[in-house]
Amino acid sequence: MDMIFNLLVQLLGIYKWMLIIYILLSWFPNMRDSQFGAILGKLCEPFLEPFRKIIPPIGMMDLSPLAAFLVLSFAPHGLRVIQNLIS
């Protein structure tokens, strides 16, 4: 069971890096339109969409990725708590 939780924590870490890269792609013109950007968009946008519905953009700043990143940062801790409860 520990192996499953460790794998989930590692996958969350990988997804967090994917999200960081996807956010940084928005700083470069037409990078999200590239094949790499499109793949990351298909993987990251479904996770970002609920946050965008809750947190509206402030001017030209979209703060929803920040909230999504915070949730991803706390998720491994939640998994560890669940792991300790099960063990």
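The values are calculated or read from the model by the stated rules, or taken from the named source; none is laboratory data. Remember, it's a predicted structure, so these values are computed and weren't measured experimentally. Reconstructed Cβ throughout: ideal geometry from the backbone, glycine too, with neighbour counts over all protein chains shown. We work out accessible area using only protein heavy atoms, side chains counted, and drop any ligands, DNA or RNA first. Shrake-Rupley method; radii C 1.70, N 1.55, O 1.52, S 1.80 Å.
Miscellaneous remarks
- Inclusion of ILE55 among residues that are in contact with a helix residue (DSSP H, G or I) (Cβ under 7 Å, 6 or more places away or on another chain), at negative phi and free of Cβ contacts under 8 Å to residues at least 24 places away in the same chain is warranted.
- Contact map, the range 58-87: residues that are under 26 Å from PHE5 (Cβ atoms) paired with residues that are open to solvent by 30 Å² or more (accessible area, probe 1.4 Å) and outside any helix (DSSP H, G or I), Cβ distance under 8 Å, separation 6+ or inter-chain. Pairs shown: ALA67/ILE55; GLN83/MET1; ILE86/MET1; SER87/MET1.
- Residues of the range 55-73 that are among the hydrophobic types (A, V, I, L, M, F, W, C) and surrounded by 11 or more Cβ atoms within 10 Å (Cβ to Cβ): ILE55, LEU63, LEU66, ALA67, ALA68, PHE69, LEU70, VAL71, LEU72.
- Pick from the range 3-54, criterion touching a Cys at 6+ places or on another chain (Cβ under 8 Å) and either aliphatic (A, V, I, L, M) or exposed (fewer than 12 other Cβ atoms within 10 Å of the Cβ) (or both), ranking: farthest from LEU66 (Cα to Cα): MET18
Listed here are the residues, each with its yes/no results for (1) more than 16 Å from the chain's Cα centre (by Cα); (2) of a type in the set (A, V, I, L, M, F, W, C); (3) at pLDDT 95 or above.
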{"residue": "SER26", "(1), (2), (3)": "no, no, no"}
{"residue": "PRO29", "(1), (2), (3)": "yes, no, no"}
{"residue": "ARG52", "(1), (2), (3)": "no, no, no"}
{"residue": "ILE58", "(1), (2), (3)": "yes, yes, no"}
{"residue": "LEU70", "(1), (2), (3)": "no, yes, no"}
{"residue": "GLY78", "(1), (2), (3)": "no, no, no"}
{"residue": "VAL81", "(1), (2), (3)": "yes, yes, no"}
{"residue": "SER87", "(1), (2), (3)": "yes, no, no"}
